[in-house]
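Before any comments, here is the structure.
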Amino acid sequence: MNNSNDELCPLRYMTKILGGKWKMSIICILSNLDAIRYSAIKRKLKDITDIMLAQSLRELSNEGLVNRIQYNEIPPRVEYSLTESGRSVLPVLASAYDWAAKKNAC
């Protein structure tokens, strides 16, 4: 693999979009459900802070991977789900999971 900047551009983009401690986990959680509320995502991730979860969801939404639907109710209700673009990432994450499982066999 030639390591020119032009060839690394897609890898840098992928790292920008999916990098960080929580984004791939958030996508995996969303992949199993039609829609989920913020508090349910937070319960599933346990150690994530509110600031980090909000920031990660905002970034994934800004990149078009996550839908954020706010319902005009009292109290307010917000649900998150994967977009078609977000679902297109799932095979990549499944391959990465398989690779990591083979490398880190318990």
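The values are calculated or read from the model by the stated rules, or taken from the named source; none is laboratory data. Note that the structure is predicted; figures quoted are calculated from it, not measured. Note: ideal-geometry Cβ built from the backbone for every residue, glycine included; neighbour counts use all protein chains shown. Side chains included, ligands, DNA and RNA excluded: accessible areas come from the protein's heavy atoms. Shrake-Rupley method; radii C 1.70, N 1.55, O 1.52, S 1.80 Å.
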- request: Quote the FRET efficiency, to the nearest 0.05, computed for Thr15 versus Arg77 with a Förster distance R0 of 22 Å and r equal to the Cβ-Cβ distance.
  value: 0.10
statement: For the stretch 1-98, whose charge dipole is built from +1 on Lys and Arg Cβ atoms and -1 on Asp and Glu Cβ atoms, the candidate among Gly20, Leu45, Leu30 with its Cα farthest towards the positive end is Leu45
- prompt: Using Cα pairs under 8 angstrom and six or more residues apart, how large is the relative contact order of the stretch 1-83, in percent?
  reply: 31
- line: So, with points 7 Å from each Cα along the Cβ direction, the Thr49-Cys28 label distance in nm works out to 2.3
- prompt: the stretch 45-106: which GluC sites (Glu not before Pro) are DSSP loop and have at most 15 other beta-carbon atoms within 10 angstrom?
  reply: Glu73
message: Starting from the 7 Å offset along Cα-to-Cβ, what nm value, one decimal, do you get for the label separation of Glu63 and Glu84?
response: 2.0
task: Calculate, for the chain, the solvent-accessible area per residue in square angstrom, rolling a 1.4 angstrom probe over the heavy atoms of the protein chains.
output: 71
- prompt: In what sequence, highest mean first, do 29-35, 96-102, 47-53 appear when ranked by Cβ atoms within 10 angstrom?
  reply: 29-35, 47-53, 96-102
- prompt: Size of the dipole of the chain about the Cα centre, Lys and Arg at +1 and Asp and Glu at -1 on the beta carbon, nothing else charged, in debye to 20?
  reply: 400
query: P(r) of the chain in 5 Å steps, Cα pairs, percent per bin?
result: 2, 11, 20, 22, 19, 13, 7, 4, 2, 1, 0, 0
message: Using a 1.4 Å probe on the protein heavy atoms, what percent of the accessible area of the stretch 63-106 belongs to carbon and sulfur?
response: 56
task: Under 16 Å Cα to Cα from Lys23, which lysines show up? Leave out anything in the same chain fewer than 8 places away.
output: Lys42, Lys44, Lys46
